[in-house]
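Working notes for the structure below.
Nothing in this text is a laboratory measurement; each read-out follows from the coordinates by a stated rule. Everything numeric in this text was worked out from a predicted model, so none of it was measured. Methodologically, a virtual Cβ is constructed for each residue, glycine included, from the backbone with ideal geometry; neighbour enumeration extends over all protein chains shown.
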Amino acid sequence: MSSDVSRQDKLSVPLIVDTSLAPDNGDLDFEINLRLRLDEVVNVEEVELRRTRPNGPTRKQLCQLACQIYDARRARNRVLGSDLFGEPAWDILLALYCCPARGEALTVTSLSLAAEIKPTTGHRWQEYLTEKGLIKRGPSRDGDARRVHVALTKDGRDLMEGYLTRLFFCSTPVPAHSDVHDD
């Protein structure tokens, strides 16, 4: 190695701040306004759905939809593998909405199996969903203290039914208005 190579141990690199990645106040204001407007659109759609379809889906129809989603997710996992996708909270909520309607009471352990997640992951998510007030744990109906049953709370059921109702209306054709004419 030649001795004419300079030493760069005291090299000072100027600090360059890339402001192109940092949102300016205009971008942040735009994002906030966009989110607020999207919330307004959702509220308007909900009012319109209630107006045009005052008789929403029955609990049986919502349960059928939830079971279709649940079964589709189980089939997807069998075909594509469960490692590719991961939404343990959604799978838990779906299982708690769908399985009891099929006559399946879910325990802490069986809920993890129904959601096709590892027991440790299931326990962690069940704890989180309990803290959020979406699910509740209670004693077994048969008096076995070793088994703890899990169910949706009223808030959890309302949340699921609100979402499933939106999906139901999205998958059901809207009847044509009598004042709209095709030309």
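Using 0.36 nm times the number of residues separating LYS154 and ARG37, minus their current alpha carbon distance, what extension gain do you get?
Gain on extension, LYS154 to ARG37, equals 39.3 nm.
Suppose R0 equals 41 Å. What FRET efficiency, 1/(1 + (r/R0)^6) with r the Cβ-Cβ distance, do THR121 and PHE30 give to the nearest 0.05?
0.65
Of VAL44, VAL148, how do they rank once you tally other Cβ atoms within 10 Å and put the fewest first?
In order of increasing Cβ crowding within 10 Å: VAL44, VAL148.
How much length, in nm to one decimal, is gained on full extension between LEU80 and GLU104, taken as 0.36 nm per residue of separation minus their Cα-Cα distance?
6.0 nm
With +1 on each Lys and Arg Cβ and -1 on each Asp and Glu Cβ, and nothing else charged, work out how big the dipole of segment 57-170 is about its Cα centre, in Debye to the nearest 20.
Magnitude of the dipole: close to 180 debye.
Would you mind classifying segment 57-170 by shape? Square roots of the alpha carbon gyration tensor eigenvalues, ordered a ≥ b ≥ c; an a/c under 1.5 is rounded, otherwise it is prolate if a/b is larger than b/c and oblate if not.
In terms of gyration-tensor shape, oblate.
Given contacts defined as C-alpha pairs under 8 Å and at least six residues apart, what's the relative contact order of segment 57-170, whole-number percent?
That works out to 27 percent.
Under a plain spin-label model, where a point goes 7 Å from the Cα along Cα-to-Cβ, how far apart in nm are GLN68 and ARG146?
Distance between label points: 4.1 nm.
Would you be so kind as to identify which of GLY156, ALA75, CYS99 lies farthest towards the positive end of the dipole of segment 57-170, taking Lys and Arg as +1 and Asp and Glu as -1 on Cβ and the Cα centre as origin?
CYS99
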